[in-house]
1. Whose amide H sits under 5 Å from the amide H of residue 202, counting only residues 5 or more places off or on another chain, with H placed in the peptide plane?
2. Please list, ordered by chain and number, the residues whose modelled amide H lies under 5 Å from the amide H of residue 72; skip anything fewer than 5 residues away on the same chain.
3. Mind checking the angle between helix 33-42 and the chain's longest principal axis? C-alpha axes, 0 to 90 degrees, to the nearest 10.
4. Net charge around residue 97, counting only other residues with Cβ within less than 13 Å of its Cβ (Lys, Arg = +1; Asp, Glu = -1)?
5. Roughly speaking, what is the stretch gain from residue 2 to residue 70, that is 0.36 nm per residue apart minus the C-alpha to C-alpha distance, in nm to one decimal?
6. If I take R0 = 45 Å and measure r between the Cβ atoms of residue 48 and residue 83 in this structure, what FRET efficiency does the formula 1/(1 + (r/R0)^6) give, to the nearest 0.05?
7. Which lysines, if any, have their Cα less than 18 Å from the Cα of residue 90, not counting same-chain residues under 8 positions apart?
8. What distance in nm separates the simple spin-label points at residue 180 and residue 195, each placed 7 Å from Cα in the Cβ direction?
Amino acid sequence: MEELKHKLENFALSETSRKRISELNKNEDYIPPEFIEIAKVALAGHFLVNDKIPVCPTSVEFYYHEEFADGIKDPIVYHRNTKDPKHGLKPIFNLGTLHNHVSGIDITFEHGDSPERAIRASMLIREFEIDGKNEDRSTLLYEALYQHSSIFEGISVKWIDGKTEVEVEPCYRKNVARYDENGKKITKEDQPKDFLTENGKHVQDLRKWQFKKRK
């Protein structure tokens with residue numbers, strides 16, 4: 001199978017994908033084939049912790065935001081430029097950075113020639129398997145990757161590519177709200193008849209950018 005590193009290094013949305021995402025309502029459930037290809041490779045492989053403990057992703061979510069004017073916007077993206085001039089421009093992450101945040105851990109594959117024109121792209125490990133058990137609490141990945149490490153011996157987290165291709169099933173990103181034209185989350189009070197997020201607080205973003213490993 002193709003290596004995950006190679007897939008992420010060479011990632012780019014086709015003009016067809018960009019057009020479909022940009023011209024249609026941003027919440028239509030068009031599924032970019034580029035995300036599907038990466039998901040298949042990612043869900044076939046695993047992390048290897050301290051050269052002995054496999055941690056296998058079973059569900060990943062994609063986040064994609066273009067910083068340049070008229071680019072594709074994804075307001076939920078954590079690592080993006082802010083409007084505050086003091087710390088508005090954020091540097092571009094190195095390929096494969098493990099970005100820790102309140103929802104869990106992302107594998108990043110950002111690129112661009114400057115922060116002003118950066119493409120913020122990342123893949124959140126939404127679910128994973130360890131010791132034969134599937135875990136759907138994404139923040140527990142911190143424990144799975146780091147708890148077995150000593151600061152004196154060093155932390156080792158490596159990516160191991162799979163040898164067999166897997167099939168994936170697209171679905172909505174978990175508890176990702178739809179935003180209005182002013183950048184505000186749409187609540188259930190705003191549009192009570194719309195499909196709501198799992199926690200029932202907001203109108204669900206309908207982009208099916210989460211992929212689960214089919215068993």
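Each value in this text was obtained by applying a stated rule to the coordinates, not by laboratory testing. Model, not experiment: these values are computed from the prediction. Cβ placement follows ideal geometry from the backbone for every residue including glycine, while neighbour counts extend to all protein chains displayed.
1. 188, 197
2. Here 66 satisfy the definition.
3. The answer is roughly 20 degrees.
4. Counting the neighbours of residue 97, the net charge comes to +1.
5. Result for the pair: 21.2 nm of gain on full extension.
6. So the FRET efficiency works out to roughly 0.65.
7. Within the straight-line limit of under 18 Å, residue 90 reaches these lysines: 73.
8. The modelled label-to-label distance comes out at 2.2 nm.
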